[in-house]
1. Listed residues Arg703, Arg715; which is out of contact with any Lys or Arg (no Cβ under 7 Å at 6 or more places or on another chain) and within 20 Å of Gly809 (Cβ to Cβ)?
2. Does the stretch 763-789 hold any residues that are farther than 14 Å from Val817 by Cα and surrounded by 18 or more Cβ atoms within 10 Å (Cβ to Cβ), and which are they?
3. Going through the stretch 459-474 one residue at a time, which ones are assigned to a strand (DSSP E or B) and surrounded by 16 or more Cβ atoms within 10 Å (Cβ to Cβ)?
4. Tell me whether the stretch 43-62 contains one or more residues that are in a helix (DSSP H, G or I), more than 30 Å from Ile212 (Cβ to Cβ), in contact (Cβ under 8 Å) with a residue 40 or more places away in the chain and in contact with a Leu (Cβ under 8 Å, 6 or more places away or on another chain).
5. Just need a number here: residues in the stretch 693-719 that are at pLDDT 80 or above, open to solvent by less than 40 Å² (accessible area, probe 1.4 Å) and either in a loop (DSSP other than H, G, I, E, B) or among the β-branched types (Val, Ile, Thr) (or both).
6. Do we have any residue at all in the stretch 4-25 that's open to solvent by 20 Å² or more (accessible area, probe 1.4 Å), part of a strand (DSSP E or B) and farther than 23 Å from Ser168 by Cβ?
7. Out of Asp669, Asp684, I need the residue that is among the acidic types (Asp, Glu) and within 22 Å of Gln653 (Cα to Cα). Which one?
Amino acid sequence: MGATISIIAEKPSIARSIVRAFSITFKLKFKGHKSKSRFNYVYESEIDTQKIAFTIEKDKYRLGKSDVIIISSVTGHVLNFDYPPPFDKETNWQNSDPLDLIELDPIEVPIQENMIEHIQDIGYKTDVIIVATDWDGHGEAIGRQIVELMTKVNKKIRHGRMHFTSTSPNALKNAFETQTKLNWDWIKQVDSLRKQDLRMGSSLTRFLTVGIQDKGIRNRIISYGPCQTSVLWLIANRYQENQAFHPSKFWKMSIKLNISDNPLFLYWKGNPSEDEEIVDSLIKKIEDNPKGIISDYNEENGFIKRPIPLDTDTLESECSQIFRISPKLVADIAEKLYNNGFITYPRTESSYYLEKDLTKLTEKFLNHEVFGKVAEECITLGGVKDPSKGRFSKDHEPIKPVKAISLSDVEKTFFKTPRIITNAWNIYSYIVWRFLATVHVNASIVNQYIMLNVVSEEFNSEGRKIIDLGFFKFYPYRELKVESIPYLKKGTELVVEVFKHHGYTIPPPLLSESDLIRVMADLNLGTDATRSTHIDTVQKRNYTSIQGPKRVLVPTALGSALFEVLTQNAEDLILPEIRGKVEAWTQQIRDHEKTPEDVDKLVIELTTRGLQKLKSNRDEVFDTLVSSIKSMTGVGNYYGRCPDCEGELELHQGKEDSRFLKCTNPLCDASFPLPKRGALSVLDQEYHCRICASSTLLVQSKRVYWFLCPVCWTREGTKETPWFCSDCNRSECPLSGSWKPSTSICNLGECPDCKGPLTLNYEEENTQIFCQSCKRTWRSPNIRQGGSITPSIECSTCGRKTLSVIKRGKKPYRLCVFCSVFFFD
């Protein structure tokens, strides 16, 4: 029996890429079979004739006949840090003192037992284990877990480390042939940071969660995470600045030169001014003597630099802004493009190509129907041999395409998630255009500058002429503003017109997801691989929400409350600078400037200080949090009467954000589950359920509205067939999908012209208000399918009946046709 070499990737998709690469490059034939871990297949191939050589640092290995290569994977981390019993979350979560957790040393525990068995089954028969996890800190830590687990069952096992930033066959072959060992300094840094995250997160989360549960809020967790709460601070702090801003008025002054068909405007050097009197005084002087002299005119050749190579923060930030999607979705799509061998590794801080000549990569796009002409131009102009340069980083090469693909290739790759195919193609196209822009040429321009003196005051303007568009010919993601100014000789005297403008200062803008990625990068908050995840997490925790097409972030009531209690009581545990400090401490472990024990001590002191302050103000802290939760979720509010005993139905929250109404009568056990999502409101009595006479609820989820009776939802519906009001067959109910008017004419009151009787007439899908005396008509809304229009309460202005308008999926409203006033329920 020959030697067995096992390669373990970080995820199943990378294992499949390695199998595909070795099948092509080494002509191996793999057979796959299931393992004890459901999604992690094991692929085996026996080497027949071809010799396969590889090195691990200075050690050389040669594989030949009867040797076996095994390829498999894990799914992220195999072991997680937790506390030993009785302090772990399974044993004594409610009663353990959070202060005790801070000083405890976490231990590693399996995330899934079957994954451990899967790894060790391979370890029993392996001579050399090769770690093929992602080339980042967490990839190193996962590699350490794999090696140590295998070593427990096979003491003689040796290990190697593949480094690759692309899953193309040649890249994986080269990574296999030239290997290194695990970077233990990097592993110590990552493991220490994971411990500190647990130490800070677990103690604060338990304190906050148990506190609100003692106040009656069950089945809800207030999660604290050092990164996610720092992100919350950025969002909430900016929101407060925006809301507290008071605009102030300012004035500006400009002059116009009528020297050609297109007048030239120059702007006062003192703009903007908060003193209107000064501006008015200068304007009067200029109007009395409207002559100016050109004091300076200058033209200077320049250029607009090409975009620099692409790093992760730029990819997520720009694609989020351009395509109006979340950075997390950008990251997920880029990951899948990488896993399928279309682009290089999408998590990198580097924006500097190591290759000096990118001709071969550019040539792959010569025959592409979209990118071909530009690729040819890049080669012709020579930009491929002198690409743009950004920041050099040792971790990975910049993100760039590996393979020229078409839209149909993307459709095949993302066929299980068709709704993101367009986004996937847009992101791939962005990466290709960005790469081509970096190997094209700069835009050549002439910068122009003019200055004019009027009554001893300086006015100036700038212009730009284009000599060569360069990469702007095809790059669609950057706007080029061009506005040239005519040549004017120094000393020329001209007649001017003066203008006064006013405006108001604007508040600091709310942060969009795209802005937040940039801010986090500037503050060194999180890593290029985790920033988008932290932004996504604060939304999942209901601390923030997205608003508008620009995807700006605003804090929810709970987010604002958590921001308030942490800022007032434990500011060191929420400020972004502190999180950056903790990460800097762990970086010093890697640089041999601190030990893990030094970092433990610093974080223990920091967390203990903050938690003690929170405990000293616990009543105020939990009153604030509980109040925000109730205002946001409606927990504790009443939504109608119980159909069984006439007690009030109170809203409660269950596990995993489930909601239900429970009767307040202690002798009644009636309860009615509700949809997990959506704001709730009770409709008026005229809309009460025609089956059980219970209150009907309006549920709003984003921009969609629907109606349900909680009693019928529970007693008439099933999981397979939920019972909404639109499913009801009671034709007399205006909320029913089967509604029909009970009569063709409904009385609405007196005619405003002749005091005759007004009626609402139904004719199929049309309605019309008609005076029976003077025959005048008024237009009213049409009846949409599944909707209704019925007379409702009297208008408080004119006394005539309003119309209640129901449209499926839309917000219901009342309308007074005569006053043209809308009354929303």
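The values are calculated or read from the model by the stated rules, or taken from the named source; none is laboratory data. Bear in mind that the values here come from a model prediction, so they are computed numbers and not experimental data. Using ideal geometry, Cβ is built from the backbone for each residue, glycine included, and neighbour counts are taken over all protein chains shown. Accessible surface is based on the protein model in full, side chains and every heavy atom, while ligands, DNA and RNA are left aside. Shrake-Rupley method; radii C 1.70, N 1.55, O 1.52, S 1.80 Å.
1. Working: Arg715 fails: within 20 Å of Gly809 (Cβ to Cβ).
Only one candidate qualifies: Arg703.
2. Applying the first criterion (farther than 14 Å from Val817 by Cα) to the stretch 763-789 yields 763-766, 772-775, 783-788.
If the condition is that a residue be farther than 14 Å from Val817 by Cα and surrounded by 18 or more Cβ atoms within 10 Å (Cβ to Cβ), then Ile783, Gly787, Ser788 are the ones that fit.
3. Restricting attention to the stretch 459-474, the residues satisfying the condition of being assigned to a strand (DSSP E or B) are 459-468.
Answer for the stretch 459-474, where residues must be assigned to a strand (DSSP E or B) and surrounded by 16 or more Cβ atoms within 10 Å (Cβ to Cβ): Phe459, Ser461, Gly463, Arg464.
4. Taking the stretch 43-62 as the starting set, the residues that turn out to be in a helix (DSSP H, G or I) are none.
No, the stretch 43-62 has no match at all.
5. Summing the residues that are at pLDDT 80 or above, open to solvent by less than 40 Å² (accessible area, probe 1.4 Å) and either in a loop (DSSP other than H, G, I, E, B) or among the β-branched types (Val, Ile, Thr) (or both) in the stretch 693-719 gives 6.
6. no
7. Details: Asp684 fails: within 22 Å of Gln653 (Cα to Cα).
Only one candidate passes the filter, namely Asp669.
Condition check ((1) over 27 Å from Ile222 (Cβ atoms); (2) surrounded by 14 or more Cβ atoms within 10 Å (Cβ to Cβ)) across all residues:
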{"residue": "Ala53", "(1), (2)": "yes, no"}
{"residue": "Lys58", "(1), (2)": "yes, no"}
{"residue": "Tyr61", "(1), (2)": "yes, yes"}
{"residue": "Gly64", "(1), (2)": "yes, yes"}
{"residue": "Ile70", "(1), (2)": "yes, yes"}
{"residue": "Leu79", "(1), (2)": "no, yes"}
{"residue": "Ser96", "(1), (2)": "no, yes"}
